[in-house]
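These notes concern the structure reproduced below.
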Amino acid sequence: MARVYLEQVTKKFGAVVAVNDVSLEIPDRQFTVLVGPSGCGKTTALRLIAGLEEATAGNIFIGDRLVNDVAPKDRDIAMVFQNYALYPHMSVYDNMAFGLRLRRYPRTEIDRRVKEAAGMLGIEGLLDRKPKQLSGGQRQRVALGRAIVREPQVFLMDEPLSNLDAKLRVQTRAEIKKLQARLQTTTIYVTHDQVEAMTMGDRIVVMRDGLVQQVDDPLDLYEKPANLFVAGFIGSPAMNFIEASLVPRNGALTVDCGSFAIEMPQDLAALAKDWTGKQVVFGIRPEDIQDLAFARDPNPAWVLRAMVEVHEPLGSDVILYLSTGPHSIVARVDAHSSARMGQPAEVILDMRKMHLFETETHKAII
């Protein structure tokens, strides 16, 4: 097992900077997820660690060893790809054993490792089959098994679940997480799916345009986003953002959005007092907006009256698309809400969970 450390790593493809001066430490035995939109540099960062791309600048360490000039096969890593990359003419057993045979492991050791990994993954009965005889989920397990038998210092996973259907993705991501907890192998996992990142990662690295935006555990990332991008990327539906100004009114500081104004809690107002009279971006998550009829101990200063534009029942709750003046707001309310399309509704904003961001730098204020 080993930590992975990127020291001011940059990767350029001609004039395009795919990874921009990234310094990042992945501690030993941790499950770290790199997440971000397409083109943010997450897969390039993974390929740099694997040795499939050469860094333009900076250093990469696996354990205490500088691996910039070490060949991929000598880095003691195992990679699981999006497309499985199985040999179609080989059986499951041979696919899993192939890397060990290349390294001239004893036959008994190969057999032990393959059967042990197959047992972990529940594919003992598939060892004689060819990849074309397997479902997508089974092929993914074989690809994982091929990595496991290597017993590497580091697992690298590049969107390994993207080819699976929704139900199987949920099941397989839980299996991967349980497997990593059992093996205690340092794992770096790349995905564009923020739900996948939140549910799987011990720690999450959010990237954009080759830059690391924030590194944090899932809950802090959700509750304390460092900037506007992270706040909007993490969470589904995405956080609501409205341009506003902070205005003192009746002894309290209010968030004035033009078509409505909401009073801030005193403790948060104290943190934001330096922005009084200035333009800010007000943010609140859909799940922090509730139907007034279902609110416990509602604060009248936090009530908003709006028109329901769209009503989306999900069974466990309802997504409401609301409009108030020029502003559109998404709310996630109780499944038994009586709000309906084309009708006015009263909702309450939990301002204890509000966010404010600077308009120019997009950095978080609170």
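The values are calculated or read from the model by the stated rules, or taken from the named source; none is laboratory data. Since the model is a prediction, treat every value here as computed from it, not as a measurement. Cβ coordinates were reconstructed from backbone atoms using ideal geometry, including for glycine residues, and neighbour counts include every protein chain displayed. For accessibility, only protein heavy atoms count, side chains too; no ligands or nucleic acids. Shrake-Rupley method; radii C 1.70, N 1.55, O 1.52, S 1.80 Å.
For the stretch 137-151, the Karplus equation 6.51 cos²θ - 1.76 cosθ + 1.60, evaluated at θ = phi - 60°, returns couplings of x, 5, 4, 5, 5, 5, 4, 5, x, 4, 6, 5, 5, 5, 6 Hz by residue, with Gly and Pro reported as x. For the set 11/167; 130/177; 132/177, the pairs lying more than 31 angstrom apart at their alpha carbons are 11/167. Of the chymotrypsin sites (Phe, Trp or Tyr not before Pro) found in the stretch 74-139, those that fall in a DSSP loop while having at most 15 other beta-carbon atoms within 10 Å are 81.
Scanning the chain for trypsin sites (Lys or Arg not before Pro) that sit in a DSSP loop and have at most 16 other Cβ atoms within 10 Å, the longest stretch containing none of them is 130-277. Computed from Cα positions, the angle between helix 107-121 and the longest principal axis of the chain comes to roughly 20 degrees. Using DSSP to call loops (not H, G, I, E or B), can you name the GluC sites (Glu not before Pro) in the stretch 7-58 whose Cβ has at most 13 other Cβ atoms within 10 angstrom? Answer in residue order: 54.
Entry note, the chain: the mean residue ellipticity at 222 nm calculated from DSSP H runs of n ≥ 4, each adding -39500 (n - 2.57), is -7500 deg cm²/dmol after division by the residues and rounding to the nearest 500. Of 209, 74, 28, the residue with the greatest mean-square motion in the GNM of the chain, using alpha carbon springs below 10 Å, is 74.
Ranking 245, 23 by solvent-accessible area of protein heavy atoms (1.4 Å probe, all protein chains present), from largest to smallest, gives 23, 245. Over the stretch 245-366, the pair-distance histogram of Cα-Cα distances with 10 Å bins from zero comes to 13, 44, 31, 12, 0 percent, rounded to whole numbers. Against the main long axis of the alpha-carbon atoms of the chain, helix 166-183 sits at an angle near 60°. The slack in the chain from residue 238 to residue 66, taken as 0.36 nm per residue of separation less the alpha-carbon distance, amounts to 57.9 nm. Backbone geometry of the stretch 85-96 corresponds, through the Karplus equation with coefficients 6.51, -1.76 and 1.60 at θ = phi - 60°, to 3J(HN,Hα) couplings of 6, 8, 7, x, 8, 9, 6, 4, 4, 5, 4, 6 Hz, x marking Gly and Pro. Under the criterion of Cα pairs below 8 Å and six or more residues apart, the relative contact order for the chain equals 15 percent. Of the accessible area of the stretch 89-204, computed with a 1.4 Å probe over protein heavy atoms only, carbon and sulfur atoms account for 49 percent.
With 12 Å as the cut-off, how large is the P(r) tail for the stretch 183-225, expressed as percent of Cα-Cα pairs? Pairs farther apart than 12 Å: 62 percent. Checking [x] -0.32, -0.53, -0.66; [y] -0.28, -0.46, -0.58; [z] -0.41, -0.64, -0.75 against log10 I(q)/I(0) by the Debye sum over Cα atoms at q = 0.07, 0.09, 0.10 Å⁻¹ calculated from these atoms, the matching label is [z].
Per residue, the stretch 230-366 exposes 51 Å² of accessible surface when a 1.4 Å probe is rolled over the protein heavy atoms with every protein chain present. Note that the stretch 32-154 shows a convex hull volume over its alpha carbon atoms of 135 Å³ per residue.
Assuming charge only on the beta carbon of Lys and Arg (+1) and of Asp and Glu (-1), the dipole of the stretch 1-129 about its Cα centre is about 260 debye to the nearest 20.
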